[in-house]
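Structure first, then comments.
The values are calculated or read from the model by the stated rules, or taken from the named source; none is laboratory data. A quick note: this is a predicted structure, and the numbers were derived from the prediction, not measured. Here Cβ is always computed from backbone atoms with ideal geometry, including for glycine, and neighbour counts include all displayed protein chains. We work out accessible area using only protein heavy atoms, side chains counted, and drop any ligands, DNA or RNA first. Shrake-Rupley method; radii C 1.70, N 1.55, O 1.52, S 1.80 Å.
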Amino acid sequence: MRHRRPARLSPRGMVSRLIPFLALGALPTACQDAERSLAPKVETPEFSMSTAAGLKGTIAFHSNRDGDFDIYVMNADGSGVRQLTHTTVHEFDPIWSPDGKRIAFSRLDETGDFDVIVINVDGSGAINLTNNDVVHDFAGAWSPDGKRIAFASNRDGDDEIFIMNVDGSGVTQLTTNDGARDFPTAWSSNGKQILFQSDRDGDTDLYTMNADGSGVRQLTNDPASDEGDHAGWSPDGQRIVFSSTRDGGDLDIFTMNADGSGVTQLTHNDFIADDDPVWSPDGKRIAFHSTRDGGDEDIFVMNADGSGVIPLTNNSVLPDGSPISDAVPVWTASVATPAPCLPPPAGLKGWWPGDGSALDLIGQNHGHGLFNVYVMTKLGSQQTQLTDIPFYNARPNWSHDGRKMTFTACRATDFSCEVYVMNADGSGQTKLTDDFSADYMSVWSPDDKRIAFVSERDGSPQIYVMNADGSNPTRLTQGGAVDVLPTWSPDGTRIAFQTNRDGNNEVYVMNADGSNPANLTRSPASDEFPAWSPNGHQIAFRSDRDGNGEIYVITVNRSRPTRLTRNPADEYYPAWSPTGNQLAFASNRDGNFEIYTMTPDGSAQKRVTNNPGWDADPAWAIGRGDDQVLAFASDRTGFAPAKVNQGFGFDGVGDVVFAPGAGIDDLQQLTIDVWVKHDSLPPGTLERYVTLGGEKAVLRYDGQAGPAQLHFYMRIDGQLQHIRVDNALQPGVFHHVAGSYDGAVMRLYLDGYEVGSLAVTGVVDPGFGVEFSSATETMDGVLDEIEIFDHALGASEVRAIFEADAAGKCKTVSGT
């Protein structure tokens, strides 16, 4: 008995078969939002791409992954799947125009009528070419000159072959066989012949005829069924590819010479349907659909000799458990028009968790790697690395004699981030704090006898002071606010700091013993990153009071602040030179964060670093007295080609990326989404993509619980709640994955479609920061366009992100 093909929506029994188918902890909280630059190392991988990676052109196909059958396109390597039609009826069997700019297909509307529709390659401009009530018309083959379309129709009582002009005019009947079904499958490259399948001889065989219907010639004559919706000539015209049941009843792929001789079987799979083959534009490969991966139909590609079979799609079931059918591929050499960029979803707050700016949210991806401390001249030359320990080393601060430097380090050997000290040449690195909670943001007193720093040992971040050897730590600020970024006045009597105790970040000053704290800036904006001038009269700070982050300066007697930078980018980390003649700061005005200098009035702004990673935390060597030496933190990150420009590249040897979780840690509803490409999918291993600290929410590859498994889990009421889906991932292909929770249901999405859900209620556990990859479950591949939303995105919003593909999110002005 012939194998039944549920997605074969062709004239052969079309109506009767048209049935809808429907780990491990992150780094500690350590550096709050003000720390910004927290992130360990990323390396550029050596790619081990799959065979599909080199495939060129665009493949169109039909699929019911949206519940009803629609037309889709994808890159020939299986990436960039994009839905072109979005109706509630069934649309199927696409064919390309010769120039690759239009697609014709068949549509079954609500009345039971089948028509031939043409659309542009971006899905626009749909035109119904046949529009005949009751009559069934099916798209078959486009002429090589682009002027005509061959189609099958029952307007003469039986399924016969007709041709028409591309505007639907000039309909001409080519075949007339009472009781038989004829269906055109291909037009010869010279335009002189049409290949078609027909059951006029009792079983289905392949025939050719001239383009005017004359000269009919039978090519196959086998009691089995020889067919294929796009059975056709190779580009050189020498071979014909088709599908047949002649190998025991199930469908396999065959080729033969153009005259019907030399039949060769390419696939040999009992009880599996390999069907509807089509040549690649260069004739070196064949695409087809198959049920070989579990009963649902997916699209595969193989070499023209049948070797090297690889999957291009891998979608198993719809939410109701019915199989997904990706079927009837057609291949063009043209590259499909890319999708337009996608505006961020309205009304939702999202983070691309590096520094929280809109530039990051929309995918600029400057990235964060292994931060280390460097020194350089004020002009950016003679850059020398001082630290070289895995994870995070940043926030350098010079002693006033220029001999030592404190810095923040988050190292694997420590339970949390700690304050370290080292000699000016990087030697003698010694830990000054050793606490279960994070200690960071250290700064020397003018006499070098004390060090102010931030600690979370008593709960929220507070300002502390300790002796230069780390002894006698004493808390200076009180309460539950976030007090960070201390900076000493030159006479050592006062400390300025950043706090949110008034509801938003403001710059405060207090006595060196913590008494008499006073608000210096008093603004509804966010004022942060204070830096005291050497003369003690001014404090530089960063503020978004004009819509984006700029550097300001204010006198300590609270005069009106003066804006020093005017740029649509974000500027951070102001730092005074020892003589007070210059300010250093970090800015992303040139695409990623670099160190700049300027005079105290904002003039003579000059870029002094040029690193593809992120340079931040400038600190002048105070004791040198010549304004010549700057220390800074830099993530000398290697980048990898990604879905949208550049992305994080991992080689699976322990590299991770970490960012603080301000605004993310307490979310009770959320969505995480990311583009991910694996270089390998080793069985028995786990590879994390995105982890909200404390396993609040995790997206990862699970090679232990199942083959190529996609895994989303959350910790709710202290219990891990899981969604997994088998055989979901392919190496060498970018997949879009997303996990969401709306307070009642967890959902897992793959390539724009929901693949699993779990009803669960409760309190989502708190998090602490966000980690990409993991020190123990390391990613082998690339992550890109990572987003975290404060709400559960709807299915259409997830799909829109997927369909935007390489266009990514639309670029907006930072701060909007």
Exercise. Condition test on residue 214, is it hydroxyl-bearing (Ser, Thr, Tyr), open to solvent by 10 Å² or more (accessible area, probe 1.4 Å) and farther than 23 Å from residue 301 by Cβ?
Worked result: yes
For this session: Being more than 30 Å from residue 777 (Cβ to Cβ), modelled with pLDDT of 70 or more and either of a type in the set (Asp, Glu) or open to solvent by 10 Å² or more (accessible area, probe 1.4 Å) (or both) is the filter here, so list the residues in the stretch 621-662 that pass it.
Result: 622, 628, 629
Seminar exercise, completed: Going through the stretch 228-278 in order, the residues found to be more than 40 Å from the chain's Cα centre (by Cα), of a type in the set (D, E, K, R) and closer than 13 Å to residue 204 by Cβ are 246
For this session: Would you point out the residue of the stretch 528-560, among those that are hydroxyl-bearing (Ser, Thr, Tyr) and over 16 Å from residue 500 (Cβ atoms), that is surrounded by the most Cβ atoms within 10 Å (Cβ to Cβ)?
Result: 552
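From the list 139, 150, which residue is farther than 20 Å from residue 69 by Cβ, buried (at least 24 other Cβ atoms within 10 Å of the Cβ) and not hydroxyl-bearing (Ser, Thr, Tyr)?
Within the list 139, 150, the selection yields 150.
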Seminar exercise, completed: residue 106 passes all but one of the listed conditions (1) surrounded by fewer than 23 Cβ atoms within 10 Å (Cβ to Cβ); (2) hydroxyl-bearing (Ser, Thr, Tyr); (3) closer than 27 Å to residue 179 by Cα; the exception is number (1)
For this session: Considering only the stretch 126-136, state which residues are more than 15 Å from residue 103 (Cβ to Cβ), of a type outside the set (S, T, N, Q), open to solvent by less than 50 Å² (accessible area, probe 1.4 Å) and assigned to a loop (DSSP other than H, G, I, E, B).
Result: 135
Exercise. If you scan the stretch 665-710, which residues turn out to be crowded, with 24+ Cβ neighbours inside 10 Å, of a type in the set (A, V, I, L, M, F, W, C) and over 20 Å from residue 754 (Cβ atoms)?
Worked result: 692
Exercise. Of the conditions (1) among the β-branched types (Val, Ile, Thr); (2) open to solvent by 10 Å² or more (accessible area, probe 1.4 Å); (3) in contact with a Ser or Thr (Cβ under 6 Å, 6 or more places away or on another chain), residue 521 fails just one. Which one is it?
Worked result: (3)
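Listed here are the residues, each with its yes/no results for (1) part of a helix (DSSP H, G or I); (2) on the phi > 0 side of the Ramachandran plot; (3) open to solvent by less than 10 Å² (accessible area, probe 1.4 Å).
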residue: 747; (1), (2), (3): no, no, no
residue: 762; (1), (2), (3): no, yes, no
residue: 768; (1), (2), (3): no, no, no
residue: 771; (1), (2), (3): no, no, yes
residue: 777; (1), (2), (3): no, no, no
residue: 792; (1), (2), (3): no, no, no
residue: 796; (1), (2), (3): yes, no, no
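Which ranges mark the strands (runs of 3 or more DSSP E) fully within the stretch 159-271 that have 1 or more residues being under 20 Å from residue 283 (Cβ atoms) and not acidic (Asp, Glu)?
182-187, 193-198, 205-210, 226-233, 239-244, 252-257
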For this session: Residues being under 21 Å from residue 94 (Cβ atoms) and open to solvent by 10 Å² or more (accessible area, probe 1.4 Å): count how many of those fall in the stretch 297-314.
Result: 2
For this session: Among the candidates 573, 596, single out the residue that is under 22 Å from residue 530 (Cα atoms), touching a strand residue (DSSP E or B) at 6+ places or on another chain (Cβ under 8 Å), modelled with pLDDT of 90 or more and not in a loop (DSSP other than H, G, I, E, B).
Result: 596
